[in-house]
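Throughout, read-outs are computed from the coordinates displayed, never taken from laboratory work. Everything numeric here is computed off the predicted structure, so don't read it as measured data. So basically every Cβ, Gly included, is an ideal-geometry build from the backbone, and we count neighbours across all protein chains shown.
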Amino acid sequence: MNLDKVYLVTSRLSRSTATEVAQVEKQLNINFPPDYTEFVTQLGEGTYAGFVRVYPPNKILSEYRAFQERWDEYFFWDEGDKVLPKAKVLECIIVGDTLQGDELIIHPLEPNRLLVLPRESEEIFEVGTNLESALAWLCESGVLTERITTTYFESWTPRERQTFMASTEFDPVLKTLTGLELHDHLQVNHEDEFGELFVAEFGGSIVAGFDGVGMIASITYDKDAPSTKLDVLLQSIRALGFTPEDPG
């Protein structure tokens, strides 16, 4: 799994150790896919491509029983019986999920067969033989969400956030922000009028989007990373007519 090509929103990561992975494997009598260890020891806990959360081993250990009990009580994936019958689903271990509630699972006897229990479908999807192929399916197949082609990782380490609002249009805002040439990574969806510019210097990003009424610009950043780029960005946002969101 080539994680070197994954853009890190912030370098402040919350990683697991290979020892922690091995200990949980022993306690659960399971082998995680080999690239699972690579993912949680190199990237750690956070969100991949703004969509997928791979659980660290200790979270899996503390929560897998609750998931199994919920699957049993609220099971509705009857159309997926040929992929994995209910009795087998209830033996599975959760290894991750999506922000919209789809759950990534493996069976202890088939750790190289990753499956998804979708939130909005009665099917069960077989999505790959390792974590890399599962992430690619979740993000790029277009089955559960619109295709995601940018690969970035945002850890859950605490950061600051400022939100601004303005009565303006998306295109001129995007043109101005990208014209500053402050960003190291960029993703834009013109159809949905959404853009996110990532800036490594302050370990964060600015999200600009139209909410149906006006434009919202939200900036996240590491408070312990003084940045001239952050100052320039804040000045530009205000010059575009954005004002701080009313907390009330």
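Overview of values
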{"quantity": "Rotationally averaged projected area of segment 1-134 (alpha carbon convex hull; nm²)", "calculated": "7.7"}
{"quantity": "Per-pair calculated FRET efficiency, R0 = 51 Å: Gln162 and Glu79 via Cβ, rounded to 0.05", "calculated": "0.70"}
{"quantity": "21 Å tail of the calculated P(r), segment 159-244, as % of Cα pairs", "calculated": "20"}
{"quantity": "Two-decimal log10 I(q)/I(0) for the chain, as the Debye equation yields it once each C-alpha is a single scatterer, q = 0.11, 0.15 Å⁻¹", "calculated": "-0.67, -1.05"}
{"quantity": "Where trypsin sites (Lys or Arg not before Pro) fall in DSSP loop in segment 32-118, at most 14 other Cβ within 10 Å", "calculated": "Lys82"}
{"quantity": "Dipole of the chain [Lys/Arg +1, Asp/Glu -1 at C-beta], most positive-end residue of Val143, Tyr55, Thr41", "calculated": "Thr41"}
{"quantity": "Net charge of Cβ neighbours under 14 Å - reference Ala49; Lys, Arg +1; Asp, Glu -1", "calculated": "-4"}
{"quantity": "Dimensionless Rg over Rh [segment 101-248; C-alpha; Kirkwood]", "calculated": "1.07"}
{"quantity": "CD proxy at 222 nm, helix term only [per DSSP H run n ≥ 4: -39500 (n - 2.57); per residue of the chain; nearest 500]", "calculated": "-9000 deg cm²/dmol"}
{"quantity": "Length released on extending from Glu63 to Glu146, taking residue separation times 0.36 nm less the Cα-Cα span", "calculated": "27.0 nm"}
{"quantity": "Between segment 46-98 and segment 207-234, the alpha-carbon center distance in angstrom", "calculated": "35"}
{"quantity": "Selection from Ser236, Ile124, Gln100 lying farthest towards where the dipole of the chain points positive, charges on Cβ", "calculated": "Ser236"}
{"quantity": "Reachable lysines, given that their alpha-carbon falls under 29 Å from the alpha-carbon of Lys229 and they are not under 8 places away in the same chain", "calculated": "Lys5, Lys175"}
{"quantity": "Gain in span if fully extended, Gln42 to Val232, counting 0.36 nm per residue against the direct Cα distance", "calculated": "65.2 nm"}
